[in-house]
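The values are calculated or read from the model by the stated rules, or taken from the named source; none is laboratory data. Here the structure is a predicted model, which means the values were calculated and not measured. Every residue, glycine as well, gets a Cβ built from its backbone with ideal geometry; the counts of neighbours run over all protein chains shown. Areas reflect the complete protein model, heavy atoms only, side chains present, ligands, DNA and RNA absent. Shrake-Rupley method; radii C 1.70, N 1.55, O 1.52, S 1.80 Å.
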Amino acid sequence: MRRPLVSPQSLLALGLDAGGSGTQWALVRGDEGLAGGVAPPLTAALLSTELGRAALAALAEALPARPDLLHAGLPGLSAGTPFAAVVSDTLAQTFGLPAARVSVEGDLDLAYRAHLAPGAGILLYAGTGSIAYHVAGDGVVFRAGGRGYRLGDDGGGFSLGRAALRWVTDALDAGEVPSSPLAEELAALTGGLDWDTLRAFAYGRPGAAAIASLAPAVGRAADRGDVVAAHLLDEASRSLADLARRVQGRAGLLPVTATGGALRVSPLFPAALVRQLPGVTVAWRDHAETAARFALAHNGTAR
């Protein structure tokens, strides 16, 4: 095993927890967390696009100092693959770092690392998308979901936003303009509830970010007593519980830890999940800080 190139206590590490709704970042030196924030959405696939390059530039501009090390978790990535090497090189060039000082992995592997040791349980993640994920002690991965917004991701932020828009458009099809807390919360974000406005909002940006950004509106409406919004949260919780049970059916009746930004939209959402999946633990960790500390621990020895 290679020795660290420099004492970890003197190095500034950048951790990235990238995602389709935003990229969390954290700067850590030694045991001290120095800074953190949120940058534009970023995925592995976006890195080669103009949108991805703009997101990286915005992230680099937001940092108060240039890091010495970087570890990133990105959607659509598997560590150790040729594509991962390309992504790692892109990040190294962006931040002016030697290739050996940059490492990458999938966002789910980073999230699992933040919450669980291999073999310890199942991670149920509800962010923009959704997935149940278990890493066995021998490294074998069991998963359910996580297929992207075009194929699934039920229970995540995108599906909540899409379900809310479908509720609005169903009303429009019936010749009605809905008036309720959910309608008000949605209109505040979309700019209106007429079809032209909704169409521009839903299709004006590529990917899942725009529609996923409506998930907090569903949560706020549920908190205001909106029956439809509360029902959407219940339906999402059923979808998430189903993902966890699929993995339990293959990996065993392991404990489940649930996390992710979608579960933060309302306290009613975790409560609904507990009803659907008794015994689940809902917890949050700073995945970006976990990434930064991973970079420090490896200190240029991982690629």
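Shape verdict for the range 180-303, please, from the Cα gyration tensor: rounded (a/c under 1.5), prolate (a/b greater than b/c) or oblate.
oblate
Taking the helices alone, the chain has a mean residue ellipticity at 222 nm of -13500 deg cm²/dmol, built from -39,500 (n - 2.57) per DSSP H run of at least 4 residues and averaged over all its residues. The C-alpha atoms of the chain define a longest principal axis, and helix 181-190 lies at about 50 degrees to it.
Efficiency by 1/(1 + (r/R0)^6): what FRET value for VAL177 and ALA297, r their Cβ-Cβ distance, R0 = 51 Å, to the nearest 0.05?
Calculated value: 0.40.
Measuring from centroid to centroid over Cα atoms, what is the spacing of the range 271-285 and the range 15-80 in Å? For the range 271-285 versus the range 15-80, the Cα centre distance is 29 Å. Applying 0.36 nm per residue to the separation of ASP223 and ASP138 and subtracting their alpha-carbon distance, the gain on full extension is 26.3 nm.
Using the heavy atoms of the protein chains alone and a 1.4 angstrom probe, what is the accessible area of the range 61-131 per residue in square angstrom?
Values: 2550 Å² over 71 residues.
Here the per-residue accessible area is 36 Å².
Helix 157-173 and the longest principal axis of the C-alpha atoms of the chain enclose an angle of approximately 20°. The equivalent ellipsoid of the chain has semi-axes of 35, 23, 16 Å, largest first, where each one is the square root of 5 times an eigenvalue of the Cα gyration tensor. Take the Cα of LEU151, step 7 Å toward its Cβ, do the same at VAL86, and the gap between the two points is 1.9 nm. In summary, the convex hull built on the alpha carbon positions of the range 138-215 has an orientation-averaged projected area of 6.3 nm². Label positions at ARG53 and ASP31, each projected 7 Å from the Cα along the C-beta direction, are separated by 4.4 nm. Grouping the Cα pair distances of the range 1-109 into 10 Å bins from zero gives a pair-distance distribution of 15, 50, 30, 5 percent in increasing distance order. Distance between the modelled labels on GLU235 and SER78, one decimal in nanometres: 3.3 nm (7 Å Cα→Cβ projection). Against the chain, whose longest principal axis comes from its Cα atoms, helix 287-298 is set at around 10 degrees. Ordering 169-181, 101-113, 124-136 by mean Cβ neighbour count within 10 Å, with the highest value first, yields 124-136, 101-113, 169-181.
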